[in-house]
Amino acid sequence: MPESIRDGTGGYGFNPIDAHLKTIDDEVFEGRNSQYAWDKTGFNQADDFPVVNITWNDANAMAKWLSEKEGKKYRLPTEAEWEYACRAGTNSRFFTGDDPTTLISYANVFDLDSVEIWPQWQKYALEYHSHYEFSAPVGSFLPNPFALYDMIGNVWEWCSDWYAENYYQYAPTIDPQGPNIGEARVRRGGSWHSWPLYCRSSFRNVNTPESRYVLAGMRLVLED
């Protein structure tokens, strides 16, 4: 049972009332509220969509459950693994190039369909109609050079690491595992409501392990 249900405080969701009046300083989505959870977001979420409103703890619980069910090892990626997989051998801002317009057809980010709901942020939108105002079914966009889908956009993805701002100044150069302690966990990749600026391969986002949000989900690693 996900934390949003277990602790009774719920998650976040979309309420269309006054959405067009929100400012950068406002909480865009409604919550926490017990009416919202992983399966109740205020917009369409079918079985082929990425799960949202899950905590870092939920993601690890899912990895543990799936590992036991299949007799294989599933886990969250480290932040370094995530970025390696996202970049897929590239050194540009996005795996598609440096210009945000190269994300067209590759990523579900804040675009002209999102602008129909939030016109106040049109200047930040990707000039493109993806035909998705919210999240999209997994694999709806083109993959990166490693044949991985949705590495940029759709939902933020939890990583296993604790966050430390300067960690990579002193971290091992090969397979860093993240700090041993911390207060927040790392999330990467951006979401369907993220401006392209926040979807760069290098961009780091963080939140506490018990946080849950309508833009955040997970990606699991299957070890050999």
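The values are calculated or read from the model by the stated rules, or taken from the named source; none is laboratory data. Just so you know, these numbers come straight off a predicted model, no measurement behind them. We place every Cβ from the backbone using ideal geometry, glycine too, and count neighbours over all the protein chains shown. Each accessible area value is taken on the protein alone, full model and side chains, heavy atoms only, with ligands, DNA and RNA left out. Shrake-Rupley method; radii C 1.70, N 1.55, O 1.52, S 1.80 Å.
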request  = Would you please name the residue that is least open to solvent (accessible area, probe 1.4 Å), looking only at residues in region 82-117 that are assigned to a helix (DSSP H, G or I) and among the polar types (S, T, N, Q)?
outcome  = Ser114
ask   = So which residues in region 1-34 are touching a residue at least 24 places away in the same chain (Cβ under 8 Å), within 21 Å of Asn60 (Cβ to Cβ) and outside any loop (DSSP other than H, G, I, E, B)?
value = Glu3, Ser4, Ile5, Gly11, Tyr12, Arg32
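Here's a check for you: in region 123-161, which residue that is charged (D, E, K, R) and over 21 Å from Asn53 (Cβ atoms) is nearest to the chain's Cα centre (by Cα)? Before the answer, list the steps.
First, the residues of region 123-161 that are charged (D, E, K, R): 123, 127, 133, 150, 157, 161.
Those left that are additionally over 21 Å from Asn53 (Cβ atoms): 123, 127, 161.
Values: Lys123: 22, Glu127: 21, Asp161: 15 Å.
Across region 123-161, the extreme among qualifying residues is Asp161.
Do the conditions hold for Gln120, that is, is it more than 20 Å from the chain's Cα centre (by Cα) and free of Cβ contacts under 8 Å to residues at least 40 places away in the same chain? Lay out the reasoning, then the answer.
Details: more than 20 Å from the chain's Cα centre (by Cα): yes; free of Cβ contacts under 8 Å to residues at least 40 places away in the same chain: no.
When the stated conditions are applied, Gln120 does not pass them.
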ask   = Glu3 fails exactly one of the following numbered conditions: (1) open to solvent by 80 Å² or more (accessible area, probe 1.4 Å); (2) within 20 Å of Pro209 (Cα to Cα); (3) acidic (Asp, Glu). What is the number of that condition?
value = (1)
note = Of the residues in region 42-81, those that are open to solvent by 40 Å² or more (accessible area, probe 1.4 Å), in a loop (DSSP other than H, G, I, E, B) and polar (S, T, N, Q) come to Asn44, Gln45
task = Can you confirm whether region 59-79 contains a residue that is within 15 Å of the chain's Cα centre (by Cα), within 16 Å of Trp156 (Cβ to Cβ) and aliphatic (A, V, I, L, M)?
result = yes
